[in-house]
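**Q** Dropping a structure here in structure tokens format, bear with me for questions.
The values are calculated or read from the model by the stated rules, or taken from the named source; none is laboratory data. In this text, all values refer to a predicted model and were calculated from it rather than measured experimentally. Don't worry about glycine lacking a Cβ; one is built from the backbone with ideal geometry, like all the others, and counts go over all protein chains shown.
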Amino acid sequence: MAVVVAAAGRPSQALAQVIDQYLPGFVAALSPDTPLTQLQPGFERPGIQLGDFTIRPLLSESLGYDTNPQQVKGGKGSAEFATTGSVSAASGWERNSLDAAISFNSVQYPEQSSQNATDWQTAIGGSYDIGTDVLSGAFTHLALTQRPNQIGSGTNTQIINYSVNDLRLNYALNPGGRISIVPGLDFQSYQFGSGFVNGFPANQQDRNVVQGEVVGRYEFSPLRDAVVVVRGIRVGYPNESAAEVNGNSFTYEVLAGLDYAATGVFRFRALGGYEHRSYASSAIPDQSVGVIEASALWSPTPSTTATITARNDIEDPVDGNLVGFTYRALRLSVDHEMAGRALLGVFGEVQRAIQPSSSATLKQLGPFFSEEGGNQTVYQAGANVSVPMNRILWLGANVFGGHFEPAGGGSFTKGTFLVSLSVGL
């Protein structure tokens with residue numbers, strides 16, 4: 001299971017994302033089943049060398065138009081100004097590692113100032129070699145913005161600020177060997193700001209998530225591994241006032257599959273299995289689903305990569321609903337390096353949140369606790385282009401469009417267009 005959180009204010013490729021997609025790469029990489037990423041060679045900024053560390057600052061300014069910043073039916077458009085910045089540091093040691101990063105994203109809408117928001121993230125992590133084993137750890141703090149009508153947010157129509165503290169540890173036994181075992185522990189603490197969400201105080205959605213997992217790998221040939229994952233996740237809501245519908249839960253998950261580099265141009269990962277969630281409250285029925293986490297990557301040429309990913313599992317709501325939902329997503333993206341001077345990316349995606357059958361007790365609390373009112377669907381697509389004028393100065397453009405069918409009806413569309421200038425070392 002991966003916890004779904006809302007995307008930041010700047011137009012992005014998804015309006016519901018797993019928390020790992022907010023984390024720096026060195027943090028997300030601590031998870032052995034992190035989705036594959038494809039690096040584009042030849043476009044790396046040089047960085048600033050400071051002793052054994054490489055420092056990489058980046059600042060970007062974007063301007064454009066958003067047809068519906070409020071993300072509601074009948075929402076009005078506004079010009080958009082977005083500023084993003086980051087500084088990262090990475091060690092260059094032969095053994096062990098230490099990494100740190102801090103970033104922010106500020107979005108301003110002159111005609112919709114109530115939607116203005118600034119998100120920021122900071123993280124530090126590293127690894128330590130112990131003989132043939134590797135101990136890894138990272139801590140991340142995220143200050144994020146939950147926007148209306150996103151997957152898992154119910155019928156909420158207002159901005160809610162929230163923060164996440166994430167601490168994760170892994171111990172890799174015999175990494176790189178034919179047989180390797182990686183036990184891991186991840187603790188996340190969510191704290192929501194003031195306001196009401198679907199009639200409930202936002203802080204009732206404060207929660208602590210503890211996940212323990214063991215990942216086993218068997219390499220039956222180079223770059224071709226069999227993988228087994230066993231996870232347990234406990235979610236606790238410390239501020240819920242209605243004991244009869246307390247959302248505290250325990251989930252276990254068993255997955256098995258392949259991580260397979262078939263040729264130099266094709267690779268796929270597929271994990272499938274079973275997930276079961278039980279709740280502390282008898283008013284909330286247990287949930288069981290078949291799980292799939294799959295991705296396939298195809299690189300017909302060194303300059304082109306196509307990736308397709310699919311997911312089906314149980315996810316935690318962002319706010320306003322105590323019941324986890326079945327999350328399904330299918331995404332196709334293509335990245336292409338044009339003439340060695342520009343990077344082009346396109347994507348299309350469908351996301352769906354399916355509420356489980358609710359008990360009579362839950363249905364009395366409102367329509368979002370009923371499966372009839374809780375299902376949500378998002379269709380979205382977009383494209384972006386980045387053109388390096390040199391290794392320091394880049395120009396870019398981003399276009400996004402989506403159709404949203406939120407909980408309780410009131411479907412709407414949203415479109416954005418941004419042009420950007422970024423400076424980095």
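**Q** Could you please find all residues in the stretch 59-89 being of a type outside the set (Gly, Ala, Ser), under 14 Å from Leu421 (Cα atoms) and crowded, with 18+ Cβ neighbours inside 10 Å?
**A** Within the stretch 59-89, Thr84 is the sole residue that qualifies.
**Q** Out of everything in the stretch 110-124 that is under 17 Å from Val87 (Cα atoms) and polar (S, T, N, Q), what residue ends up being surrounded by the most Cβ atoms within 10 Å (Cβ to Cβ)?
**A** Gln121
**Q** In addition: Which of the following residues is more than 24 Å from the chain's Cα centre (by Cα) and either modelled with pLDDT under 90 or under 29 Å from Val134 (Cα atoms) (or both): Ser12, Ser91, Ser78?
**A** From the options Ser12, Ser91, Ser78, the qualifying one is Ser91.
**Q** If you scan the stretch 33-58, which residues turn out to be modelled with pLDDT of 90 or more and surrounded by 14 or more Cβ atoms within 10 Å (Cβ to Cβ)?
**A** Selection gives Phe53, Thr54, Ile55, Arg56, Pro57, Leu58.
**Q** Taking the options Gly177, Gly154, name whichever one is small (Gly, Ala, Ser), in contact with a Pro (Cβ under 8 Å, 6 or more places away or on another chain) and either crowded, with 16+ Cβ neighbours inside 10 Å or at pLDDT below 90 (or both).
**A** Being small (Gly, Ala, Ser), in contact with a Pro (Cβ under 8 Å, 6 or more places away or on another chain) and either crowded, with 16+ Cβ neighbours inside 10 Å or at pLDDT below 90 (or both) holds for just one of Gly177, Gly154, which is Gly154.
**Q** Among the candidates Val164, Val134, which residue alone is at pLDDT below 95, aliphatic (A, V, I, L, M), within 16 Å of the chain's Cα centre (by Cα) and surrounded by fewer than 22 Cβ atoms within 10 Å (Cβ to Cβ)?
**A** Val164
**Q** Could you tell me whether any residue of the stretch 364-381 is closer than 30 Å to Arg341 by Cβ, modelled with pLDDT of 80 or more and outside any loop (DSSP other than H, G, I, E, B)?
**A** yes
**Q** Consider Glu240 against the criteria (1) modelled with pLDDT under 85; (2) over 20 Å from Val323 (Cα atoms): it satisfies all of them except one. Which criterion is unmet?
**A** (2)
**Q** For residues in the stretch 335-354 being under 19 Å from the mean Cα position of the chain (by Cα) and surrounded by fewer than 18 Cβ atoms within 10 Å (Cβ to Cβ), which is modelled with the lowest pLDDT?
**A** Ile354
**Q** For the stretch 379-414, name all the residues that are in contact (Cβ under 8 Å) with a residue 60 or more places away in the chain and surrounded by fewer than 16 Cβ atoms within 10 Å (Cβ to Cβ).
**A** Arg391, Ile392, Gly410, Ser411, Thr413
**Q** Let me ask something else about it. Would you please list the contacts, defined by Cβ atoms under 7 Å and residues six or more apart or on different chains, that run from a residue in the stretch 191-205 that is under 15 Å from Leu142 (Cβ atoms) to a residue that is part of a loop (DSSP other than H, G, I, E, B) and modelled with pLDDT of 75 or more?
**A** Gln191/Asp206; Phe192/Asp206
**Q** Condition check: surrounded by fewer than 21 Cβ atoms within 10 Å (Cβ to Cβ) and touching a Pro at 6+ places or on another chain (Cβ under 8 Å). Does Gly92 satisfy that?
**A** no
Table: residues versus (1) modelled with pLDDT under 90; (2) closer than 30 Å to Asn239 by Cβ; (3) under 20 Å from the mean Cα position of the chain (by Cα); (4) not aromatic (Phe, Trp, Tyr).
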site	(1), (2), (3), (4)
Arg267	yes, no, no, yes
Ala270	no, no, yes, yes
Pro285	yes, yes, no, yes
Pro300	yes, no, no, yes
Thr305	no, no, no, yes
